[in-house]
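Here the structure is laid out as C-alpha cells; the discussion comes afterwards.
Quick note: the coordinates plus some simple rules give every number you see, no bench work behind them. A quick note: this is a predicted structure, and the numbers were derived from the prediction, not measured. Cβ placement follows ideal geometry from the backbone for every residue including glycine, while neighbour counts extend to all protein chains displayed.
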Amino acid sequence: MSFAHLSLREIPEKSVILIEEEIGSVERMFLHQILAEAVSSGKKALYLAVHSSKEDILNEIKQYGFIDPKAAVTSNMRIDGYFNDLADISEIAREYDVCIIDPFPFLVMHKEDSYIVDFLGALKKLSRKEDIRFFLSMDAGVSKKTTESIARAISDGIIQFKELENGKKIERYVNIPKMKGRIPPEELIPILLTESGIVIDTRETIR
C-alpha cells in the first residue's frame, strides 16, 4: 500500500516513529500537523519540547494555524517546555494516545549506547502496552553516529524530510525507508507546504 497522505492515520498504531531532517522547519511543521490531527480527532496528545518553552510551542501553534490556540489548554493536549527528565516519560505518556519528543537526541546526548538501546526498547514496549504512537524528532548530524544508528534500528518507522536545490528553487521530498506493516516506497515522494499542512505532490515523483 502506498502513502496517500502524510497524516496520523497513515502511521501504524502502537509504534515509535523517527522524524528526521538535515536542516529546516519541515520536521517541526509535520509534528504540529500530527498534534493538530490528534486533537481534532478526539485523541489525547502530549508534546515534550526539549529546547523550547511552552510559550514557544504555543506561539508556533498560533503561527501555523493548524490548531485553535484555545484548544492548546484543554485536557486533551499537554505541552511541557524545556523537558529533560527521561525517567518521567513512561509515567506521563501512559495517559496519552500520541506523544511527541522534540528533539529526542538532546535527551540522550551524554548517555551510553547501552542506555539508549534500553530506553528506546522500553519506549517501544510502552507503545504496545498502552497503545501510544511516539514521534521522536532527530536533526541529522547532531547526534553521534551510533545514536542515530540505534534510533533508526529500534524505531518502527522512519520519515525523512529532504530539500534539494533546483536552480533558484527549493524542492522538498519525503523518504520513508521503514514503516511497520508497510512496504517502503521505491521513490522519494515530493511534498508541498500549504496553509493546511504538508501534502503529497501528486504531480511527480523522483526515481
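Observations
- Each label point was placed 7 Å from the Cα along the Cα-to-Cβ direction; for T146 and I170 their separation is 3.5 nm.
- Net charge, E165 excluded, C-beta distance under 14 Å - Lys, Arg +1, Asp, Glu -1: +1
- Along the axis of the charge dipole computed for the chain (Cβ charges of +1 for Lys and Arg, -1 for Asp and Glu, origin at the Cα centre), the listed residues G121, S75, L193 are led at the positive end by G121.
- Applying the criteria of a DSSP loop state and at most 13 other Cβ atoms within 10 Å to the GluC sites (Glu not before Pro) of the stretch 16-90 yields E22.
- Look at where the Cα atoms of the stretch 19-40 and of the stretch 166-206 average out, and the two centres are 14 Å apart.
- Dipole magnitude for the chain: computed about the Cα centre from +1 point charges on Lys and Arg Cβ and -1 point charges on Asp and Glu Cβ, it is near 440 debye.
- Helix-derived mean residue ellipticity, 222 nm - over the chain, DSSP H n ≥ 4, -39500 (n - 2.57), to 500: -9500 deg cm²/dmol
- Note: relative contact order over the chain, using C-alpha pairs below 8 Å and six or more positions apart, is 28 percent.
- Among K169, K54, a tally of other beta-carbon atoms within 10 Å of each Cβ gives an order, fewest to most, of K169, K54.
- Among I34, I183, I170, the residue with the largest mean-square fluctuation in a Gaussian network model of the chain, with springs joining Cα atoms closer than 10 Å, is I170.
- Label of the coordinate-derived value, Rg and Dmax of the Cα atoms in Å, listed as (i) 17.5, 56; (ii) 17.8, 61; (iii) 16.3, 49: (iii)
- With both residues required to sit in the chain, DSSP beta bridges show an antiparallel share near 40%.
- The ranking of R94, R133 by Cβ neighbour count inside 10 Å, starting from the fewest, reads R94, R133.
- Backbone amide hydrogens, once placed in the peptide plane, bring F135 within less than 5 Å of I17, C99, I100, I101, excluding anything fewer than 5 places away on its chain.
- Most mobile listed residue (G141, G81, G157) in the chain, GNM with C-alpha springs under 10 Å: G141
- The stretch 1-59: chymotrypsin sites (Phe, Trp or Tyr not before Pro) in DSSP loop, at most 10 other beta carbons within 10 Å: none
- For I79, distant residues with modelled amide H under 5 Å away: Y47
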